[in-house]
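See structure below.
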Amino acid sequence: RRMPEVRSLHVRRYQMNPRVEFNRLWGDSGAQGNGTAVFDELVRAYGAPVRHYHTLAHVMYVLGKIDEIVANTDGPFAPPNLYALRWAAWFHDAVQLGDVGDERASAAFASETMVAAGLDAICDMVAGIILATNHVTDPGPLGKVLCDADLAVLGADRAHFDEYERLVRLEWPHVPDAQFAEARARVLHGFLARPSIYYTAYARERWEVQARENLSRSIAALHGGA
């Protein structure tokens, strides 16, 4: 099946420079105060030794996919909503301790930063979008975009997806292989059990079929079948 064409010729890719992108968003959204200190704090969070996939490269990838989805989806994407969506992308994995409170802690970190930067008007919006990335909470229109961008890697080509799976495994070095395989297969089965993995029509058209193929193959491998 032919994939839909991307309407925007200016979709930014994940190779973009993190500091440049952060400074642009800081200025565009009217943030006040020491943006360099905030950026450095995010660099430390995403650069922790345990991080292999959930790094700043992942944030850049998600930002690029957000731009791609927004360029091809009708929705409430004018500022300040778009700024809130991009800020949520920056903070959505800022806290990663491997427990159910990660999204809430990341949302709290974002909220504290938004208030300190004088962005009180979008503080609750940013937090709500981040909380949607637990893939359980009803995401709302903006959360759907971040969730789809966050999961776009599931629908990537085989080599990209396999590298993603390899890097995710490296983030859990303390977990025995059998225990990891069981837990990981359960997570992937959860995505396959959805009526659709993605919320937006664009993401479904673009990535759904490949994502289901990748997930099925990965589950088989986790069970020793590949």
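Once you have a ≥ b ≥ c as the square roots of the Cα gyration tensor eigenvalues for region 64-177, tell me rounded if a/c is under 1.5, and otherwise prolate or oblate according to whether a/b is larger than b/c.
On the way: a/c = 2.39, a/b = 1.32, b/c = 1.81.
Because a/c hits 1.5 or more and a/b fails to exceed b/c, region 64-177 counts as oblate.
Dividing the helix sum by the residues of the chain, where each DSSP H run of 4 or more adds -39500 (n - 2.57), gives a mean residue ellipticity at 222 nm of -20000 deg cm²/dmol.
Excluding ligands, DNA and RNA, the accessible surface per residue across the chain is 49 Å² with a 1.4 Å probe.
Can you bin region 15-96 into rounded, prolate or oblate? Criterion: square roots of the alpha carbon gyration tensor eigenvalues sorted a ≥ b ≥ c, rounded for a/c under 1.5, prolate for a/b above b/c, oblate for the rest. Judged from the Cα gyration tensor, region 15-96 comes out oblate (a/c at least 1.5, b/c at or above a/b). Between residue 138 and residue 209, the FRET efficiency estimated from the beta carbon spacing at R0 = 22 angstrom works out to 0.30. Here the gap between residue 182 and residue 163, fully extended at 0.36 nm per residue and compared with their Cα-Cα distance, gives a gain of 4.9 nm.
When all protein chains stay in place and ligands, DNA and RNA are ignored, the 1.4 Å accessible-area order of 186, 166, 217, largest first, is 186, 166, 217. Only the Cβ atoms of Lys and Arg (+1) and of Asp and Glu (-1) were treated as charged; on that basis the dipole of region 91-145 about its Cα centre amounts to roughly 120 debye. Could you check which residue among 209, 70, 20 shows the biggest mean-square fluctuation in a GNM of the chain with a 10 Å Cα cutoff? The residue with the greatest mean-square fluctuation here is 20.
As a fraction of the 1.4 Å probe accessible area of the chain, surface on carbon and sulfur atoms comes out at 56 percent. So if we plug the beta-carbon distance of residue 50 and residue 74 into 1/(1 + (r/R0)^6) with R0 = 30 Å, what FRET efficiency do we get, rounded to 0.05? My answer for the efficiency is 0.15. Remark: the chain carries a charge dipole of roughly 600 debye about the Cα centre, counting +1 on each Lys and Arg Cβ and -1 on each Asp and Glu Cβ. Here the Karplus curve 6.51 cos²θ - 1.76 cosθ + 1.60, taken at θ = phi - 60°, turns the phi angles of region 81-97 into couplings of 4, 5, 5, 4, 4, 5, 5, 4, 4, 4, 9, 5, 10, 4, 10, 9, 9 Hz, with x standing for Gly and Pro.
Stretched out straight at 0.36 nm per residue, the stretch from residue 191 to residue 97 would grow longer than its current Cα-Cα span by 31.7 nm.
The values are calculated or read from the model by the stated rules, or taken from the named source; none is laboratory data. Owing to the predicted nature of the structure, the values given are computational and were not obtained by experimental measurement. FYI the Cβ positions are ideal-geometry reconstructions off the backbone, even for glycines, and counts take in every protein chain you see. Just the protein is used for accessible areas: all its heavy atoms, side chains included, with ligands, DNA and RNA removed. Shrake-Rupley method; radii C 1.70, N 1.55, O 1.52, S 1.80 Å.
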